[in-house]
Amino acid sequence: MKEIVLEVRDLVKTFILDGAPLNAVDHVSFQVHSGEFVALVGPSGSGKTTLLSILAALLTQSSGEVFIDGQQLSAMGESERVKLRRSRIGFTFQSNNLIPYLTAQENVEFMLRLNGTLGKVNRLRAEELLARLGLEDRLRSLPAQMSGGQQQRVAIARALIHNPAVVLADEPTASLDTERAFQVVQTFAALIHENQRAGIMVTHDLRMCKYVDRVLQMRDGKLVNECKTRIEIEALARGEH
Amino acid sequence: MRALSIATYLALKEVWRGRGRFLLVSLVIALITLLVLFIAALGEGLANGNRQYVSNLNAQLIVFLQKSDTNISSSQLQVDTVRQIRRVDGVAAAGPIYTSSTEIEANKSPLKVSLLAAEPGQPGLPPVIAGRVFHTGDSGEAVIDQNVALRSGFQVGDEMTIRSTQGGTDEFFYLRVVGLTSNQSYFFQPTIFTSAATWEKVRPQSAADLKDDTPYPNIIAVQLADPKQIQSMEMQLLTKVPNIEVADIPTTINAIPGYSAQQGTVQTQGVFTLLIGVLVIGGFFQIQILQKVPQIGVLKAIGSSNGTVGASAVIQIIIVTAIGVGIGGGLTYLFSLGFPPTIPLVFNGTSSLFAVVALLLIGPIGGLVSVIYAVRIEPLKALRLQ
């Protein structure tokens, strides 16, 4: 039995829009286990980015609870949330992902630097992880000298290097062509599984779901469907849902 | 401590990898530095040219004629006033000072100088650094300021010609240079010192003045037995000596015609240049931060603290400013080497030091708004939300 790394209980996030309350996230509950890669899908405005922001400890919920690695987010102060993001969460973003004045290796090592664990051994790990992602000849390259796919792979390495409990990806393939998008998600999924992390990927591209273990579909802030089986997931990825 | 180390790492990496962009700002700061340092040096130089002789006087109080508003040119004392002052308890020495200006025939072109007279061994006559002091009486001897020597080419032993208007006609007098003194500018002119009798003979005079051969001192420099008793001695002199007014050295300097207005003008120019510097640096860093909002959002989202982000911005500003001030200081020094001695530039004054400190502060002050802005950027900016 795999342990629960991320647990969301009856989560609500309310915004006031034109004077009226609007539940961007509306009583959402789910769990993610270690080694599990989950896709969060839904149309624009369905609340998936708001949900991801709460899971990333970037936004506070209106009600409900989120537990990451057993830690209750609502009980944390701002400095504890910063520390949690630094040590227990890994991120990849849609764009502006990497620090532009750091090389690929420095970007990855930056997470180790933030956590005070940058040593000889971890430097080697960072190099190995980048090599694993096919970037062994790009270690000294700045983001501007790399393609979008290469940048996303560096971001994946950065998201995993410090052994976080949860890895969150916000539209990681949005700026990539289809072939590169598939490669990136496939690599991401493989690393999540190998390293036994809990991974959540927000995407509007259902084709990317074929590499995940579970799909959560959102609409109007609610979880409206959950695809658990391979057959359901592949049907969804083919656009049959 | 780790936050500061990470902030330094980020700042150095960004400055190094964007060195072209940052160097450009440093060069703008360098030009501002050049301008500010020149203004400061000019201010110091002009102030020196105006006040140097008075501020270097070996005296604590200056005695003027009553109602002269402590203006040296307006003051003309009676001959026996100096004797009355010397009799006052607490006065260690008192030296009459006679001021005028004239022109000497130098190698290349006539040189305007301040013609001062003072008594050897009394306050008012500066130390002689080469040669000897002139003899008293109408000796026809002079001690000249180094600046006169530099600009005219006269040295100890030379005879110099003085052109002086006497009752409407130009007359020429010959003075032998017997000694050199230094740093004695007065009224924007280098000085030559003579005895009172020689001064009375060679100074420009109106037809009315020619009828009287008695030299009248403009002021008297008073050295006190206890230099700390300035205020009480001032009162005592006023009580015991009639028809005088007394001022300390700073008051005398400020009363030099045009001195305060000139210094105010130069200082205002300096302050406005610094303000422009603050705006330029502030503008650059604000634009830079605005361009970096998503990047700062990512930094915060992945766990960098506000302190790290803020410190990184401050360190960058300090680096860029320090480099700019360094380059500007170097450029100023190089330029100053090529300036002729006629331009009153003084770089070793306190105003130059003050300017450097102010220049080092304008970066952090100018960048303050951008630092606050950077600290307030929400990590949510890393996502598409907001």
Looking only at the stretch A:100-128, count how many residues are basic (Lys, Arg) and within 13 Å of chain B (Cβ to nearest Cβ).
1
Okay, helices (runs of 4 or more DSSP H) sitting entirely in the stretch B:267-386 with 3 or more residues that are polar (S, T, N, Q), I get B:306-337, B:350-376
Restricting attention to the stretch A:134-159, report how many residues are touching a residue at least 60 places away in the same chain (Cβ under 8 Å) and either of a type in the set (Asp, Glu) or more than 12 Å from chain B (Cβ to nearest Cβ) (or both).
2
Pull up the stretch A:17-49, narrow it to residues that are within 13 Å of the chain's Cα centre (by Cα) and within 11 Å of chain B (Cβ to nearest Cβ), then point me to the one that is farthest from residue A:77 (Cα to Cα).
A:48
How many of the residues making up the stretch A:67-99 are assigned to a loop (DSSP other than H, G, I, E, B) and either facing chain B (nearest Cβ under 8 Å) or within 19 Å of residue A:142 (Cα to Cα) (or both)?
7
So which residues in the stretch B:314-344 are more than 21 Å from residue B:16 (Cα to Cα) and surrounded by 22 or more Cβ atoms within 10 Å (Cβ to Cβ)?
B:332
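Check B:148, B:128 and return the single one that is among the aliphatic types (A, V, I, L, M), out of contact with any Cys (no Cβ under 6 Å at 6 or more places or on another chain) and in a loop (DSSP other than H, G, I, E, B). Break it down into steps so the answer makes sense when it comes.
Details: B:148 fails: in a loop (DSSP other than H, G, I, E, B).
Selected residue: B:128, the only one of B:148, B:128 that is among the aliphatic types (A, V, I, L, M), out of contact with any Cys (no Cβ under 6 Å at 6 or more places or on another chain) and in a loop (DSSP other than H, G, I, E, B).
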So the strands (runs of 3 or more DSSP E) completely within the stretch B:169-257 holding 3 or more residues that are surrounded by 19 or more Cβ atoms within 10 Å (Cβ to Cβ) and in the same structural domain as residue B:87 (by TED's automatic domain parsing) are B:169-181, B:191-194, B:219-224
Could you look through the stretch B:131-145, keep only residues that are assigned to a strand (DSSP E or B) and not aliphatic (A, V, I, L, M), and pick out the one that is farthest from residue B:113 (Cα to Cα)?
B:131
Would you confirm, using the coordinates I've provided, whether residue A:173 is buried (at least 21 other Cβ atoms within 10 Å of the Cβ), under 28 Å from residue A:68 (Cβ atoms) and assigned by TED's automatic domain parsing to the domain that holds residue A:47?
yes
Can you tell me how many residues in the stretch A:56-66 are in contact with a strand residue (DSSP E or B) (Cβ under 9 Å, 6 or more places away or on another chain) and either under 15 Å from residue B:300 (Cα atoms) or facing chain B (nearest Cβ under 7 Å) (or both)?
3
Does any residue in the stretch B:290-305 that is more than 9 Å from every other protein chain (Cβ to nearest Cβ) come within less than 7 Å, Cβ to Cβ, of a residue that is of a type in the set (Gly, Ala, Ser) and surrounded by 24 or more Cβ atoms within 10 Å (Cβ to Cβ) six or more places away or on a different chain, and which pairs are these?
B:296/B:374
Which numbered condition trips up residue A:188, out of (1) in a strand (DSSP E or B); (2) under 15 Å from the mean Cα position of the chain (by Cα)?
(1)
Search the stretch B:1-23 for residues that are over 14 Å from residue B:318 (Cα atoms) and within 8 Å of another protein chain (Cβ to nearest Cβ) and pair each with any residue that is surrounded by fewer than 18 Cβ atoms within 10 Å (Cβ to Cβ) and of a type in the set (Gly, Ala, Ser) when their beta-carbon atoms are under 6 Å apart and the residues are at least 6 apart or on different chains.
B:2/A:116
Among (1) of a type outside the set (Gly, Ala, Ser); (2) surrounded by fewer than 21 Cβ atoms within 10 Å (Cβ to Cβ); (3) within 12 Å of chain B (Cβ to nearest Cβ); (4) not in a helix (DSSP H, G or I), residue A:162 falls short only on (2)
Qualifying position, being among the polar types (S, T, N, Q), farther than 28 Å from residue A:163 by Cβ and loosely packed, with under 13 Cβ neighbours inside 10 Å, among A:74, A:29, A:44:
A:44
Checking residue A:131 against (1) surrounded by fewer than 18 Cβ atoms within 10 Å (Cβ to Cβ); (2) part of a helix (DSSP H, G or I); (3) within 14 Å of another protein chain (Cβ to nearest Cβ), which single condition isn't satisfied?
(3)
Return yes when residue A:29 is small (Gly, Ala, Ser), within 24 Å of residue A:222 (Cα to Cα) and outside the structural domain of residue A:119 (by TED's automatic domain parsing) and no when it is not.
yes
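Residues checked against (1) over 30 Å from residue B:16 (Cβ atoms); (2) touching a strand residue (DSSP E or B) at 6+ places or on another chain (Cβ under 7 Å):
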site	(1), (2)
B:202	yes, yes
B:209	yes, no
B:239	yes, no
B:280	no, no
B:286	no, no
B:289	no, no
B:300	no, no
B:312	no, no
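The values are calculated or read from the model by the stated rules, or taken from the named source; none is laboratory data. Only a predicted model underlies this, so the values are computations on that prediction, with no experimental measurement involved. Ideal geometry is used to build each Cβ from the backbone, glycine not excepted, and the neighbour counts take in all protein chains shown.
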